[in-house]
Amino acid sequence: MKFRTEIAIKPWSQTIDHSHHILSLGSCFADNIARHLARHKFRIVASPTGILFNPLSIAQSVEDMYSGKNIEHKELIESDGRYLHYAFHSSISGATPEEALLNMNAALGRGREALQQANYLIITLGTAWVYRLRSTGEVVANCHKQPAATFKRELLDVDSIVEAIEHIATMTSARIILTLSPVRHIGEGMEDNSLSKALLRVAIDKVCRASDRFIYFPSYEIVMDDLRDYRFYGEDLVHPSEMAVEYIADKFFATVTSPVTRQLMERIARIVRNAEHRPSHPQSEQYKELCRRTLAEIAALENIDFSQEKRHFEQMLQINL
């Protein structure tokens, strides 16, 4: 008997390897995938301007990076002693205007460099609901807990979403991997959340059918139709659990990487685990041998950035002389 509906995903003809540069943008699910890519030493820059949920804000962020925009003092808002910007997540802010501008413009600079180098963009769409400033009509990426009367809530249509995605493509030569976040936006209500996800999914399908520059990875369907159980959600019953994220990451790597790259990933993961291990007896000859053996393996993988792990093992050997 079968108790699950597993999703068969065909491997892609053009695969990702460690020579590629990747920029990940969008909802918190984009950060989850980026974290797994970074752990396996892929060249990944994740969410330079912070977590973004709607396609218009993601497109605006890419445009700001692409154009070389600098944030100015007059664009900031102050809330609870922090200086914020409607185009940035609250994690990118400052206790003073000067600190906020420094952090925001540095973030745009990192994003600009990543966009210029990117071979792949991973874009995760979270919601089709947007909030516009009543004063300007501008769509905000984050309301920053400002009064509800400041904004007008609006549901994007499919054409607006498609236009935003296609606009992103005009600012990069990279291939674009599109995913739909499985995170449920229950603050919008379950019916509005379902409507939002449906609109995003239709828009993604439309751009993927129009151009082979766009590729869809079914993270949403994996959670909804394969895992499909509250045990695969966190305590908030909204975000996928770490177990679910790891399962999706495994499916992602099986789809977007070649067998040779996956073999290399296994070697990388072993080195990272060795560096994270805290030995009971670091002075033992057995642990010293592990350090020496791992340093030799790092040396053999000269194109992978193991600078942190290399320092760790060299320091452990130096301490235990």
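The values are calculated or read from the model by the stated rules, or taken from the named source; none is laboratory data. Fair warning: this is a prediction, and the values are worked out from it, not measured in the lab. Cβ coordinates were reconstructed from backbone atoms using ideal geometry, including for glycine residues, and neighbour counts include every protein chain displayed.
Here are a few things to note about the model shown:
- Condition met for Leu155 (within 14 Å of Ser57 (Cα to Cα) and without any contact (Cβ under 8 Å) to a residue 60 or more places away in the chain): yes
Quick grid of which residues meet (1) in a helix (DSSP H, G or I); (2) out of contact with any strand residue (DSSP E or B) (no Cβ under 6 Å at 6 or more places or on another chain); (3) without any contact (Cβ under 8 Å) to a residue 24 or more places away in the chain; (4) hydrophobic (A, V, I, L, M, F, W, C):
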{"site": "Met171", "(1), (2), (3), (4)": "no, yes, no, yes"}
{"site": "Thr179", "(1), (2), (3), (4)": "no, no, no, no"}
{"site": "Leu199", "(1), (2), (3), (4)": "yes, yes, no, yes"}
{"site": "Arg209", "(1), (2), (3), (4)": "yes, yes, yes, no"}
{"site": "Tyr220", "(1), (2), (3), (4)": "yes, no, no, no"}
{"site": "Asp236", "(1), (2), (3), (4)": "no, yes, yes, no"}
{"site": "Lys251", "(1), (2), (3), (4)": "yes, yes, no, no"}
{"site": "Ala254", "(1), (2), (3), (4)": "yes, yes, no, yes"}
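- Any hit, the stretch 280-291, residues being of a type outside the set (Gly, Ala, Ser), at pLDDT 95 or above and touching a Pro at 6+ places or on another chain (Cβ under 9 Å): no
- So Ala8, is it part of a loop (DSSP other than H, G, I, E, B), outside the structural domain of Thr170 (by TED's automatic domain parsing) and either of a type outside the set (Ser, Thr, Tyr) or within 22 Å of the chain's Cα centre (by Cα) (or both): yes
- Condition met for Arg82 (closer than 16 Å to Leu56 by Cβ, at pLDDT 95 or above and surrounded by fewer than 18 Cβ atoms within 10 Å (Cβ to Cβ)): no
- Entirely in the stretch 25-119, the strands (runs of 3 or more DSSP E) that have 2 or more residues that are more than 20 Å from Val140 (Cα to Cα) and not basic (Lys, Arg): 43-46
- In the stretch 17-45, the residues that are buried (at least 20 other Cβ atoms within 10 Å of the Cβ) and hydroxyl-bearing (Ser, Thr, Tyr): Ser24, Ser27
- Residue check for Phe306: farther than 30 Å from Pro182 by Cα and among the aromatic types (Phe, Trp, Tyr): yes
- Any hit, the stretch 262-269, residues being of a type in the set (Val, Ile, Thr), under 16 Å from Phe42 (Cβ atoms), buried (at least 20 other Cβ atoms within 10 Å of the Cβ) and not assigned by TED's automatic domain parsing to the domain that holds Lys69: yes
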